[in-house]
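The values are calculated or read from the model by the stated rules, or taken from the named source; none is laboratory data. Predicted model only: the values in this text are computed from it and were never measured. Positions of Cβ are backbone-derived with ideal geometry, glycine not excepted, and every protein chain shown enters the neighbour counts. For the accessible areas, the whole protein counts, side chains as well, though only heavy atoms, and no ligand, DNA or RNA atoms are used. Shrake-Rupley method; radii C 1.70, N 1.55, O 1.52, S 1.80 Å.
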Amino acid sequence: MISWQKISVTIFLLVLGYGISAQKVIDLTKWPEGKTPEQIGMRITNKYLSLPHSHWGKYRKKANRITYPDVCTWLGGLWFAEATHNEDLITRLEERFLPLYSDEKHLLPTPDHVDNNVFGAVPLELYLQGKGKPYLELGLYYADTQWEVPADVKPEQKDYADKGYSWQTRIWIDDMFMITAVQAQAYRASGDPTYINRAAKEMVLYLDEIQLKNGLFHHSPDAPFAWGRGNGWMAVGMAELLRILPSDHSQRERIMQGYLKMMATLLTYQAEDGMWRQLIDDKDSWKETSGTAMFTYALIRGVKNGWLDEKSYSSAARKGWLALTTYLNEEDKLTEVCGGTNIGFDRAHYMNRPRVEGDLHGQAPFLWCAAALIDSKINF
């Protein structure tokens, strides 16, 4: 299956003017001092653990619940700790969770939205790292309620549920991490194929509905802009799903097609310094770090798992990583992160988004990259 896909991507790249035959495999294991994934990953994880729970990725307000930017960073920290065999770090990350069973129980998110249900990915990861059955039970609760239809759902939500999709479906590109992450984690933890089948079916719906001919995605059907981080959620969602999907799964080929198509086009929009832009296909938009980190992560996983031609893509992954390291300041805050962004209906909405530092929307995927570069496992 992989061979013809690689051939088709090679042809696509040649049509676009990428002469891959002259390229060489770029090493993703040797890095300059201060830019190694071990060093960067530890800096970001320690920064995360030194701060309270964020308010949607920022720290200007006290958190009223655990939000998805924290989930993504927490998950990345656990991946990084496992990849580096750092038991002390795993313990510290678990200790951050324990108050949620007692005096911080009010911070557990209500399972009524994609942005809330993804929380289940963290306790499921703790369970997978040997931390006990209560984590499994809590994680599966969030995975299951993503499909359990409440009595007061809107007609369009019920319609999706009647077709076998999550009632939380809304066809926003952000969803393809928020839904697939917790369902895929539930499959890893339980072995029940129901969860991975849900995730795959949902991903195919989004690919069929909103992937553009060039492989990119608009923010939503009503927001025709190729927003960087939004596309990043799709890239990471597909990469995560592909590394967990069984090799003989009926939906794997369709998801792989969507992934390869996107990765090929991303190569054409990567700047010389390794960055991608706030609006991917708008050369006048600013270089943005959270989307760059997500694309870099998807490339790293693709190269290391053999889905992507190593000669064509290893250079892009290395350039992305090294570029990101230049945006991590002395306070261990990633700069030039697009602030939280709802759908917008004109170019100015995306161009004028706040450019912030230390926001977990950026810290998290940079940490994922560190974990992926170190991780020696193929698939999960």
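For the chain, what % of the accessible area comes from carbon and sulfur atoms, probe 1.4 Å?
51 percent
Net charge around A348, counting only other residues with Cβ within less than 14 Å of its Cβ (Lys, Arg = +1; Asp, Glu = -1)?
Counting the neighbours of A348, the net charge comes to -1.
Determine by what factor the alpha-carbon radius of gyration of the chain differs from 2.2 N^0.38 Å, reporting the quotient.
0.92
Most fluctuating residue of L28, L334, L245 in a GNM of the chain with Cα springs under 10 Å: which is it?
Top of the fluctuation ranking is L28.
Please report, largest first and rounded to whole Å, the three semi-axes of the ellipsoid equivalent to segment 178-317, where each semi-axis is the square root of five times an eigenvalue of the C-alpha gyration tensor.
Whole-Å semi-axes of the equivalent ellipsoid: 25, 17, 13.
Give the aspartates and glutamates reachable from K61 as a straight Cα distance under 18 Å; neighbours fewer than 8 places away on the same chain don't count.
In chain and number order, the partners are D70, E104, E357, D359.
Could you do me a favour and compute the accessible area per residue for segment 159-303, 1.4 Å probe, result in Å²?
Result: 28 Å² of accessible area for each residue.
What is segment 133-201's relative contact order, in percent, from Cα pairs under 8 angstrom and six or more apart in sequence?
Over segment 133-201, the number comes to 29 percent.
Take the residue pairs K62/K105; K35/K333; K213/K261; K105/K158; K58/K131 and return only those whose Cα atoms are more than 18 Å apart.
From the list (K62/K105; K35/K333; K213/K261; K105/K158; K58/K131), the Cα-Cα distance tops 18 Å for K105/K158; K58/K131.
How much mean residue ellipticity at 222 nm does the chain get from its helices, if each DSSP H run of length 4 or more adds -39500 (n - 2.57) and you divide by all residues, to the nearest 500 deg cm²/dmol?
Theoretical 222 nm ellipticity from helices: -17500 deg cm²/dmol.
Choose one answer from A317, A264, A298: the residue with the largest mean-square fluctuation in a GNM of the chain with alpha-carbon springs under 10 Å.
A264
Compute the distance in nm between two label points, each set 7 Å from the Cα along the Cα-to-Cβ direction, one at T91 and one at K61.
Between T91 and K61, the simple spin-label model gives 3.7 nm.
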